[in-house]
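Okay, structure first, notes after.
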Amino acid sequence: MGKRWPVIVMGACLAAAVAAAPASAHRRHERVSPLPTPLTVGDRIFEGNVAGLRAYLDSTQAADPQLFAQLSPELERLETRVTAAWAVFAVGTTVGLASIAYSALGRKDCPSPALTDPDFGAALQRLDACNDDNFKMSVTAGMIGFGALLAGGAGWLALTPSRSDIMSFVNRHNALGREPIRFQFGYDPSRGFAHSGVTLSF
């Protein structure tokens, strides 16, 4: 039983890390992610992210096919990065959680020898060896799981389009001389309009 406590403590710490890592990655990504504000083009409002840019660009396909043809390839590259980022995150999370679960559930059964066992000394050594194997397996699987979780979060952070990527796309669009895309600050999504807001274009 004494050898089980380090595994239990390690499992609890890893579980806490699993729960905290995505939130921590999200906080780090807030510094580089798209602005949490809607996009406005004239009187139309779109989400201030890659999906919002796609919704806007698709709305121009019929009326301005030249604009669509010029910008769609660049937007597709951003969309590919978003898809890849979530795929990496999903794989890392799946492998991480599976490994951590195995570290707790994949332990061999190590029966204690009976005091009346004529070979009690050898049986006790086998018990110690079995417990040692379980401990090493739990530590190894837990470390693999934690590493996979961190790798998935880091990959998601690296691949997701940043604020500068969104700005670059907006700048290229606005440089083409069309009605500019603007970021609307002070937007109230429950009412569907800006209140005491500031509209900025780049």
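The values are calculated or read from the model by the stated rules, or taken from the named source; none is laboratory data. As the structure is a prediction and not an experimental result, all values here were calculated from the model. Ideal geometry is used to build each Cβ from the backbone, glycine not excepted, and the neighbour counts take in all protein chains shown.
How many residues are of a type in the set (A, V, I, L, M, F, W, C), over 30 Å from A151 (Cβ atoms) and in a helix (DSSP H, G or I) if we restrict to region 84-140?
Of all residues in region 84-140, those of a type in the set (A, V, I, L, M, F, W, C) come to 84-91, 95, 97-98, 100-101, 104-105, 110, 114-115, 120, 122-124, 127, 129-130, 135, 137, 139.
Add one more test, that the residue is over 30 Å from A151 (Cβ atoms), and what stays is 110, 114-115, 120, 122-124, 127, 129-130.
Those still in the list that are in a helix (DSSP H, G or I) too: 120, 122-124, 127, 129-130.
Residues that pass the stated criteria total 7.
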For residues in region 100-152 being without any contact (Cβ under 8 Å) to a residue 60 or more places away in the chain and among the aromatic types (F, W, Y), which is nearest to W86 (Cα to Cα)? Y102
Count of residues meeting criterion [part of a strand (DSSP E or B) and at pLDDT 50 or above] in region 170-202: 5
Restricting attention to region 65-72, does a residue exist that is under 26 Å from Q184 (Cα atoms), modelled with pLDDT under 95 and assigned to a loop (DSSP other than H, G, I, E, B)? no
Mind listing whichever residues of region 152-169 are assigned to a helix (DSSP H, G or I), touching a Pro at 6+ places or on another chain (Cβ under 8 Å) and either surrounded by 19 or more Cβ atoms within 10 Å (Cβ to Cβ) or of a type in the set (F, W, Y) (or both)? G153, I166
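Test of understanding: among P34, P118, which residue is farther than 23 Å from G177 by Cβ, surrounded by fewer than 16 Cβ atoms within 10 Å (Cβ to Cβ) and at pLDDT below 90?
Result of the check over P34, P118: P118.
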